[in-house]
Structure formats: structure tokens, C-alpha cells
Amino acid sequence: MAARDAIVIGAGIVGAACAAELAHAGLRVTLLEQAQPGTDATAAGMGHIVVMDDSPAQLALTHLSRQLWDNLAPSLPDTVEFDRCGTLWIAQDEEEMAEVHRKHATYGAAGVETEILDAAGLHAAEPNLAAGLAGGLLVPGDAVLYPPVAARFLVERAVASSAKFLADTPVASAQNHTVTLRDGSSLHADVIVNAAGASAGQLTPGLPIRKRKGHLVITDRYPGFCRHQLIELGYLKSAHSVSADSVAFNLQPRRTGQMLLGSSRQYTDESSAVDGRIVQAMIERAEHYAPGIGALSALRIWTGFRAATPDKLPLIGPSLADASVWLATGHEGLGITTSLATARLLADQLLGRPSPIAAEPYLPARFENAQKTGAHD
Amino acid sequence: MTRSFDIVVVGAGPAGIAAACAAAEQGRRVALLDDNPAPGGQIWRGPSTAHRDAVSRAKERWLHRLQQNPAITSLHGCRVFDVPGDGLLAAEQNGQRVDLRYSKVVLATGARELFLPFPGWTLPGVYGAGGLQAMVKAGLPVRDQRVVVAGSGPLLLAVAAYLRETGARVSAVCEQASWRSLLRFGASIAHTSRLWQAAGYRWRTRGTPFHAGCWPVAAHGGKTLESVTLSNGTRQWTVPCDLLACGFHLVPNTELASLLGCTLQQGFVTVDALQQTLIANVFCAGEPTGIGGLELSLAEGEVAGLAAAGAIRAAQARIPRRDRLRAFAAQLAVTFALRQELHSLSKADTIVCRCEDVTWRTVSQYTGWRAAKLQTRCGMGPCQGRICGSALNFLLEWSPDSVRPPIFPVSIASLAGPTASAPAELSAIQEN
Ligand SMILES: Cc1cc2nc3c(=O)[nH]c(=O)nc-3n(C[C@H](O)[C@H](O)[C@H](O)COP(=O)(O)OP(=O)(O)OC[C@H]3O[C@@H](n4cnc5c(N)ncnc54)[C@H](O)[C@@H]3O)c2cc1C
Ligand SMILES: Cc1cc2nc3c(=O)[nH]c(=O)nc-3n(C[C@H](O)[C@H](O)[C@H](O)COP(=O)(O)OP(=O)(O)OC[C@H]3O[C@@H](n4cnc5c(N)ncnc54)[C@H](O)[C@@H]3O)c2cc1C
């Protein structure tokens, strides 16, 4: 039976996108947020809308998401700062150039436009990069946006489609069609969508999600210091190895002219405090690629937590234990990008509509065996 | 570079100078650092004027005491921006990172002016009250300029007197506090030298109208300031002027204290009788513990410096005098409490955040500081919300966000660390 009403928990970008999509599809939606829209991981994210090909499923999801952002782009208010600046993957040496060629082929096969740059092309595209880099891969269709405002925009869209939005409303529990608020009152619906980000496991126990901490540094305004979102290709190796702490060079030009510098990944640290050791490693990495960056003035550092799953893919679909509770979480470092495709897949499943891509790789059921044996970690 | 000292004093205003001298005179090795090019803080900034009063005499006495003490290392143009570890401060000096290791630290970071946004407050020609004074001390010519001094606090008269002496034509001094509060205050300080100081300032500004219960509601002008509209609650009138010096008393600089984990109560750092905060080895003196003016800052600085040096008896001996001065500080807070009407100073189009051009209309839609910051960028610019955050703390009663390093903008190179780290450390983190 198709659902008629839904409660979405969490107004991060994922919950906001789900609420907007479900409300647009005609469901009666209530969106519950313990604080204000987009103030948790969504506020911490870089807002890079990026196609990634760590796995075929990741490529399918990010590619669909980017198309959905493109469709939405004309309706986005200026304050979302959507900017199709493109991604530039940087290769240090011939080994990484081989990766450029591999990526070029994979993206091409999927219909994603890319362009290979040699050393001179890289230098022309980004004069502030270090000399001696081998080249890079330009992905012109990737974009950057400002996530907290995008999340709020999606909440407003949901509300415009008659969804009810309650901010400052923490949920205490969610099971068997019933959501109990921390104030003791309860709400009922055909489906409950748990989009509580890294906290989703508090409402749905046993999720294979770990918090993965990240640091970012934002500078004063230096328009043109870089023009594309820059990522070192070593990122693939460091970001996706699931164990130790890692840093990688990742520099984003904000539409304000500010530079946003990332990034780090840590599993062990659950405190939101800034870790000077990590910041130092991040900056040293950045100075290696963009030697002039040391002179830029840094305004703020912040940290945030990615909700990481063992296979680096999100959980989209019904939870294992309770058919009334659906999941939309576990987006690791890609939830800004994949929020829209997540909402789409979720709505398609709930309404029995066909989806543009296969939903199976993201179903929570894929962890069923692991969860039974507790072996997923 | 990392330098080690027994005691590090942050802030070389009166409180910091007194703390450094008191500690060094007990035989401790002291560093006194300040982000200004010379010691003196706000009140003793720049060269002395011709007028020799109690303030300039105290300045000479203390600067002399400071300079002749070889146990004090003064670090000028040196700004603390982070606390990278236990007993360690990170500072930037001449674009270089310097780390300071301490056994005890005294925070004497002073206060800044409170600015409340009203229509026209961003026009060239509108300054803070202490801000304009500082600009003049740094060389801004004001001879024959027409100046209105407005806002709140004892600083207004001091600034008006200074501006008159430097040749400006001060056309009015407007204090938002009522005559009734001021007279009660006058009576309460009648037995102290304070009244004489106030009277002295008033004498030096004789001929300038002093309005109590009066505040600015708008500044006007094309490219630069031409006039200011004042209100007393029942009537509004407009005064032509070239400069407006306007500040609504002071807010303490508590960011470093917060970063060190000190407890704050109602915006001020909590300290015990010996100026020690709730964090071991961290002392605090001067305006961050309560806005009390020069003499209290000096008294607190001495107690803090002596206590940090372990001279507990000597510190205790100075407690009674400090406590008398604190009673005066409490009076100040009551007298110059901001009136209700100021809550409506900002109009829809008034820019609240100058760094990011955010208007009152935009920011006042939100229910709290964090959401407003994230959605509008209010407070996200180079001043890190020091100006608009303090204003919104008053206007909308929004409590400030948690304090994160860097507490001042700093170069990325300085953020990275005092020296290039050992490569081994990096490779431990780097996987590829
Ligand atoms: C440093 C860093 C950089 C990143 N960079 C990028 C990037 O460039 N591109 C990209 O695509 N992604 C990026 N990400 C990832 C992205 O930020 C996240 O994947 C995404 O924001 C997740 O959104 P979310 O809605 O699932 O979670 P959140 O934004 O955390 O939202 C969850 C919401 O649920 C609410 N909530 C939690 N519990 C309850 C409860 N009990 N009751 C009610 N409400 C509750 C929370 O208050 C919160 O608002 C980055 C992440 C980090 C940390
Ligand atoms: C702009 C202004 C002008 C004033 N003018 C007068 C006046 O003319 N007459 C009068 O009676 N009172 C004046 N006051 C009031 C005056 O502040 C106090 O009476 C007295 O100076 C307070 O002394 P203090 O040592 O507590 O703080 P301050 O004098 O404020 O000294 C604090 C010092 O610490 C420095 N500092 C702060 N944080 C850091 C950091 N992280 N790193 C390095 N250095 C740091 C500051 O730059 C400052 O130099 C003024 C206040 C202000 C804000």
C-alpha cells in the first residue's frame, strides 16, 4: 500500500530534500528538527556538488544527484550561491596521471564530460598551483553551493507543498508508526523517515554508521586565488581508506571570494574541538600544492561529522527491524551532493514509482547479515 | 619559535602593566604582550597631551616602572590567537608565529566599545567614541571639525575633553543615561577623586552642551557625514556635524578566556579573591572581569600579578582597596545601563553586520545567533562578529556562539604551527 503521510526527522539537507520531494508527490509531510534547518553536518559541509566514482553505485548516485541539482539550479535563490565552477582533480606525477586517464574513461562511459589537462594546461587553469605538477582532470559540470541556505530553501519548498515544519522539536523515539517528541507528545504516520544524520542511530539502534570527523578552514576574500574546486588525486586513497586519520588537499573557491580549505578525516575523535595537529597537517598538504596559501588570512576553523557506512554508500530505504521506519542517512562526505537523489529514490520506493537508477546498492537490507552477526565493523 | 616564561601577561593596558610589574618585582620572568605597537592599552594609547592630569601622571609612573624592569620581556604587535596546548599560547607577531609557554597566565585583554546600529552609522565620519580618540592620537586631524559625541559611559566626557584639546569643535555630548541616574551616580562617588575627575572633564568641555537622556537615532549625509538626529524620547532634533563619535559603553574581550575554558557569568570572567579563574594557573584582571575603569584595572592587575607570582600575602593586602573600587564598578553598570528605547535603534534597512552587509530586516527574522549566522553570514567576516555579535546580544538578547580558534584572523602559515613540523608526523597522518 502506498504511503499517504510521512514524518521526516531531521532538517539537514537530506531530510529537507526528502520532505520537499514527498510533499511535492502529494504526501502529508511533517518535518521535525531538533534545532534549526541545516545547522548540523549540513552547516559543516563544503557544499561541493561532485561526481565521484569510487564505486559504480557511487557514480550512479552522484551523477543523478548532479543532474537533479542542475534541474533545480534555475529556481535556487541567489543566496544559495550555486556556482558551476567545476572540479579540478590534480595529478602530482605520472602514476596519478594514469588515474586521470582512468577517471576520464569511466566518467566518459557514464556520460559525464571531462577534460584532461597537461602540466601547462593545469598551470593556465590555476596559476597559484605549485610548479611541477603533472596535470589534472577538469570536470566542468561540478558545482559549489552554500549548504545551510540550500537546506533552508528545501524546507521552504516542502512547506510550499503543504508540509508542516516544526523547528526546535527534538524527537525522543521513532518506532511502529509513532514518533514521540522529547516533550512527551506523539505523532503518527504511515511512514517515518529517519534523516537524523550522524545521530540517526540514536533513533534506530544498530545502524552501521560511524562518525567521521572533518576540519575546514575558511579565509578572508581572495577572489581568483583558485577558480575551480581543487582536489588532489591522492584524495581517493586517503578519503576512502576506512581506518586511520587522513588529510588531503581540497580547496574551494566560494562565490564570496573566500577560500574554503579542507579536508581531514578521523574516526577516533568524537569531540567537536579543533585539533591543531590535524589543521597543521592539512595546511602543510595545502602548501605543498598551493605554495602561496600561507599568506592568506584565515578567519575561522570548524569541524563536523560525516555519517560513514562501511561501504561508503548511504542507507536509503526501509530499516531492517521496523517496516514503518525508513532511513535516509549515512551520506559520509557526499550528502550535500546526494541529498536530491536520496529524496528521489526514497519517494520512488514509497510510492511504487520507477527510479532512474537501481535502488538496491543503497538499501539498508544489504547490511542484514553483517548486522545479525555484528560483523560490519 | 617557542619561548618560555614563568608568567605570560596578555594585554598591556593598565591591568596588564600592573600585573607584569607586580610579578616581575617578585623575581619572576614575565612576558607582556599586546597587539598594539606600544604598551598602554586603550586609555594610555599614544603620546600624552599637553594637559597634565591624574591619568597622564599615572601613565608616566607605570610606564617607567615597566620599562626599568629587566625581568619583563615586552612583545609588541603580538596577538594571541589560539591555545594550542596546556600551558601554551599561540601568537602572531610581524606575520610570524610565536608560541609562548607559561606556568601562569594573566589575561588582561581589556574591553572594546559597544556599537549599536542606527540608520547612517556606517557613513564615513561616524566613529566609535574611543575609536575617534584613537584615530586622532594616530594622526587624524580634527582641528575646527564639528564633532558630536554620543552614546553612553564615562568615556564620552573624556573623549570630548580630548577632542577639544586637539582643536575640534565639540557641539554636543549626548549621554543616553538619564540625569536622574547620573545625579545618583554623582552622589555615590562624591567622596572619591572620581567626581573630581568627572568635574575636571566637564570643566575642560565647558561651553559644550551636555545632554543626558539623549541619544542619536540617525546620521545623515551623502558621501560623508553631514548631520546627526538626536532624540530625548519626546523630541528629535538635527545637529550639523563633520564627525560623530559614538559608543554605547564597553563590552569585555573574553574570547581568550573562553578558549582557555574559563567560566563566564553574565558575560564577565569569574575570578576568586586573588583574580584566579576557575581554570588552574589562569588569572584575569581588568575589564574582562567587570567594566570598572583605570584604577580598578590597575588594582586587579596588581593582585593578579602578585598572586600569579605566589606572593599571596602581598596580594591579599591589596584586596580591600580593590574591593572598594569594585563597588564603584557596580555603580557604573547601574548608571549606564542601556535604556529600552535603544532596542529600536536599528531600522529595516540598517546594516547590522558591516563585514558582510547584513541588514536588520534580514537578521532579525531568525530566532538565534547560530541560525542567523549560517543563513545570512552575519558575524562571519574578519571582525568575527565582535561588533554585530555584541550589538545583537543587546538588541535581540542572543547569546554568543561558542568560541573557536583562531580568535583573531591569522595567516594560514601561522595557523599551521610555530615551525615546520617533523616530516615523520605528517607521514603518520598522510596515508598515500
Ligand atoms: C568537513 C565536511 C566536509 C563536507 N564536504 C562535503 C561536500 O563538499 N560535498 C558534499 O556533498 N558533502 C559534504 N559533506 C557531507 C555533508 O555535509 C553531509 O553528508 C550532509 O550534510 C548530511 O546531511 P544530513 O541531512 O544527513 O545530516 P545533518 O545535516 O546532520 O542533518 C541531520 C539533522 O537531524 C537533526 N536531528 C538529529 N537528531 C534529531 C532528533 N532526535 N530529533 C530531531 N532532529 C534531529 C539534526 O539537528 C540535524 O539538523 C561534508 C561533511 C563534512 C563534515
Ligand atoms: C577604544 C577605547 C578607548 C578608551 N579611552 C579611554 C579614555 O580615554 N579614558 C578612560 O578613562 N578610559 C578609556 N577607556 C576605558 C579603558 O579601557 C579602561 O579604563 C582601562 O584602559 C582598562 O584597562 P585594561 O588594562 O583592563 O584594558 P585595555 O586598556 O583595554 O588593555 C587591553 C589590551 O589588551 C590587548 N589585547 C586584547 N586581546 C589581546 C590578544 N589576544 N593578544 C594581544 N593583545 C590583546 C588590547 O589590544 C589592549 O591593548 C577606553 C576604552 C576603549 C575600548
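The values are calculated or read from the model by the stated rules, or taken from the named source; none is laboratory data. This structure is a prediction, so every number in the text was calculated from the model and none was measured. All Cβ positions, glycine included, derive from the backbone under ideal geometry; neighbour counts span all protein chains shown. Protein only, heavy atoms only, side chains kept; ligands, DNA and RNA dropped before computing areas. Shrake-Rupley method; radii C 1.70, N 1.55, O 1.52, S 1.80 Å.
In this structure, the amide hydrogen of B:Thr359, modeled 1.01 Å from its nitrogen in the peptide plane, lies closer than 5 angstrom to those of B:Val352, counting only residues at least 5 positions away or on a different chain. Using the alpha carbons alone, the radius of gyration of the range B:62-201 stands to its Kirkwood radius in an Rg to Rh ratio of 1.06.
Principal-axis analysis of the Cα atoms of chain A puts helix A:13-24 at an angle of about 50° to the longest axis. Sorting B:Thr359, A:Thr338 by solvent-accessible area of protein heavy atoms yields B:Thr359, A:Thr338, largest first, with a 1.4 Å probe. Annotation: per residue accessible area for chain B equals 42 Å², rounded to a whole number [probe 1.4 Å, protein chains only]. The shape of the range B:192-293 can be summarised by an equivalent ellipsoid whose semi-axes, obtained from the alpha carbon gyration tensor, come to 38, 20, 12 Å from longest to shortest. Between B:Gln96 and B:Ser171, the contour length at 0.36 nm per residue exceeds the alpha carbon distance by 22.5 nm. Inter-chain Cβ neighbour count for B:403-411, averaged per residue, equals 5 (cutoff 10 Å, partner chain atoms only). Whole number please: convex hull volume per residue, Cα atoms of the range A:1-67, in Å³. Output value, Cα hull per residue: 116 Å³.
Between the C-alpha center of the range B:1-74 and that of the range A:272-341 there is a gap of 46 Å.
Taking a quarter of the surface of the Cα convex hull of the protein assembly as shown gives a mean projected area of 37.1 nm². In units of the compact-protein estimate 2.2 N^0.38 Å, the range A:270-377 shows a Cα radius of gyration of 1.47. Label reach from B:Thr122 (point 7 Å along Cα→C-beta): in the range B:335-367, amide nitrogens under 15 Å belong to B:346-364.
Derived scalar couplings between HN and Hα for the range B:113-129 equal 6, 8, 10, 10, x, 9, x, x, 5, 8, 5, x, x, 9, 10, x, 5 Hz in order, rounded to whole Hz, by the Karplus curve 6.51 cos²θ - 1.76 cosθ + 1.60 (θ = phi - 60°), x for Gly and Pro. With θ taken as phi - 60° and the Karplus curve 6.51 cos²θ - 1.76 cosθ + 1.60 applied, the whole-hertz 3J(HN,Hα) list for the range A:245-258 is 5, 8, 10, 8, 6, 8, 10, 10, x, 7, 5, 6, x, 6 Hz, x standing for glycine and proline.
Estimated from the Cβ-Cβ distance and a Förster radius of 35 angstrom, the FRET efficiency linking B:Trp203 and B:Asp144 is about 0.95.
Using all pairs of distinct alpha-carbon atoms, the Kirkwood hydrodynamic radius of the range B:346-396 works out to 10.4 angstrom. Label-point separation (nm) for B:Thr270 and B:Arg180, each offset 7 Å from Cα along Cα-to-Cβ? Once both label points are built, they end up 3.5 nm from each other. The phi-based Karplus calculation (6.51 cos²θ - 1.76 cosθ + 1.60; θ = phi - 60°) puts the 3J(HN,Hα) values of the range A:72-81 at 7, 3, x, 8, 6, x, 3, 5, 6, 6 Hz, whole numbers, x for Gly and Pro. Measuring between alpha carbons in the structure, the pairs from B:Lys347/B:Lys373; B:Lys223/B:Lys347; B:Lys137/B:Lys347; A:Lys211/B:Lys373 lying more than 29 angstrom apart are B:Lys137/B:Lys347.
Dimensions of the range A:89-164 along the principal axes, based on C-alpha atoms and rounded to the nearest Å, stand at 54, 31, 17, largest first. One quarter of the surface of the convex hull around the alpha-carbon atoms of the range B:282-432 equals 14.5 nm², the direction-averaged projected area. Directionally averaged projected area (chain A, Cα convex hull): 17.7 nm². Label positions at A:Asp220 and B:Ser399, each projected 7 Å from the Cα along the C-beta direction, are separated by 3.2 nm. Only helices enter the 222 nm calculation for chain B: every DSSP H run of n ≥ 4 contributes -39,500 (n - 2.57), and dividing by all residues gives -9500 deg cm²/dmol, rounded to 500. Solvent-accessible surface (1.4 Å probe) assigned to A:Glu96 amounts to roughly 10 Å². Of all lysines in the structure, those lying under 21 Å Cα to Cα from A:Lys103, and not within fewer than 8 positions of it along the same chain, are A:Lys237, A:Lys312.
Here the extension length gained between B:Ala212 and B:Ser193 equals 4.6 nm, from 0.36 nm per residue of separation less the Cα-Cα distance.
For A:Ser55 and A:Asp190, a Förster radius of 30 Å and the Cβ-Cβ distance give a FRET efficiency of 0.40, rounded to the nearest 0.05. Here is the short version for chain B: B:Cys21, B:Cys78, B:Cys241, B:Cys246, B:Cys262, B:Cys284, B:Cys355, B:Cys383 have no other Cys C-beta closer than 4.7 Å.
How are the Cα pair distances of chain B distributed, in percent, across 20 Å bins from 0? Over chain B, the share of Cα pairs per 20 Å bin runs 25, 57, 17, 1 percent.
For A:Leu327, nonlocal amide neighbours, meaning residues 5 or more places apart or on other chains whose placed amide H falls under 5 Å from its own, are A:Asn194, A:Gly317, A:Ser319. With a Förster radius of 60 Å applied to the beta-carbon distance between A:Ala109 and B:Ser56, the computed FRET efficiency rounds to 0.15.
Label separation (B:Thr224 vs B:Ser344): 3.4 nm, computed from points 7 Å beyond Cα along the C-beta direction. Interface size, chains A and B: roughly 3300 Å² of accessible area buried, both sides included, 1.4 Å probe, rounded to the nearest 100. When the alpha carbon gyration tensor of the range B:1-110 is reduced to an equivalent ellipsoid, the three semi-axes, largest first, read 25, 15, 10 Å.
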